[in-house]
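Heads up: the structure comes next, in structure tokens.
The values are calculated or read from the model by the stated rules, or taken from the named source; none is laboratory data. Computed from a prediction, not measured in an experiment: that's the story for all the values here. All Cβ positions, glycine included, derive from the backbone under ideal geometry; neighbour counts span all protein chains shown. To get the accessible areas, we keep the full protein, side chains included, count just its heavy atoms, and leave off ligands, DNA and RNA. Shrake-Rupley method; radii C 1.70, N 1.55, O 1.52, S 1.80 Å.
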Amino acid sequence: MLRGHGGEVYYLAKHLGISPEDISDHSSNVSPLPPPQGLYEHLKKHLPEIERLPEADSESLREAMGIHFGLEPELIIPVSGTSEWIFTIPKLLKPKKVIILGPTYSDYADAAKLAGLDKKFVLAREEENFRPPLEELEKIIGPKDLVFICNPNNPTGTLVPQEALKRLVLKYPETFFVIDESYIDFVADESSLVPYIKDLPNCLILRSFSKIYRIPGLRLGFLVISPPLKDVFWQALLPWAVNRLAQVAGVWLIGQKNYVKQVKLFIVQEKKNFLKTLNDMNLPIKVYESSLHFFLLKLMKHNPQEVWHSLLKKYYILIRNASNFYGLKGPFLRLALRETEKNQKLLLALRDVLK
């Protein structure tokens, strides 16, 4: 396991001798706003249900999502976080090789390694602001390959337009494409490929409740599949793959459309204010454009681990040292927005550490 994912507040708080609540976590890319109001009360009401087994196939949750997305419930398979499907897909499909569009989330490469498969990276270039190099990707795609594309991408925040992705998937019908849309809820609704899944038989789409609703501790993600792949993936699903409280939360959360709108509106304004203040500080950094609420930064004069450590030790602020993302050559950090007050504290801390 790579220890270096964002959000490891329990591990770090233990070593610092403080409470996890004392750490202001800007390393995890979840919603900058707290979960929808009423969620805790809803879960509390359903606490006695942990005395019984959950639904074996999350039927109620799949039905709610089926209505939400306009799909048959059988095309939606929830599990305890998208990582479960990331590690299962290569083993099930047994591709010739795994191709990863990067720099990106490390689990794709780890999943290929665990499945004993050859992997190749197609890396975006820093000098092109990490624009996804689809034309280079096409040069190495072959039949029976498996391609991982995180869209929008972590850690760069870049977004491949919906039409470009559709063209790519349709152009290579003998290649499997896994499109990880864990962050798609933070951008325009028309960016997702989910509405077109029936026309993309070689496509698998990963989605997450954890990010947009700020509930990573509940562990809830799901896979959207095309009809031809339905039997293969249902046969691989273990019973009770989702715990009961996560099932209950998912059904309730899928109806919180106003919350999603509020998050998007907050990000637009907060991002504008945050970046303006950061730019006005004239710090020795470069900030890359992002379609999301987190940003990739390159340090011009400082060591990323030293900056990470100083922010954590002095201010109890946790950011992401992004230098261990494969394909990022240089001193990179990743910052995620939180509530306004916490963002202001982060800006002041950055000014102090990077002065």
Is region 210-225 home to any residue that is closer than 23 Å to Glu55 by Cα, open to solvent by less than 30 Å² (accessible area, probe 1.4 Å) and of a type in the set (Ser, Thr, Tyr)? yes
Given the conditions (1) over 30 Å from Leu43 (Cα atoms); (2) in contact with an Asp or Glu (Cβ under 7 Å, 6 or more places away or on another chain), and given that Pro133 satisfies all but one, which numbered condition is not satisfied? (2)
Is it fair to say Ile89 is closer than 19 Å to Ser192 by Cα and within 22 Å of the chain's Cα centre (by Cα)? no
Can you tell me which condition Ile100 does not meet? The list is (1) more than 26 Å from Leu296 (Cα to Cα); (2) free of Cβ contacts under 8 Å to residues at least 60 places away in the same chain; (3) β-branched (Val, Ile, Thr), and all the others hold. (1)
Pick out the one residue from Val194, Val178 that is surrounded by fewer than 23 Cβ atoms within 10 Å (Cβ to Cβ), in contact with a Phe, Trp or Tyr (Cβ under 8 Å, 6 or more places away or on another chain) and farther than 17 Å from Arg131 by Cβ. Val194
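Would you mind stating whether Val242 is outside any helix (DSSP H, G or I), open to solvent by less than 20 Å² (accessible area, probe 1.4 Å) and of a type in the set (Val, Ile, Thr)?
yes
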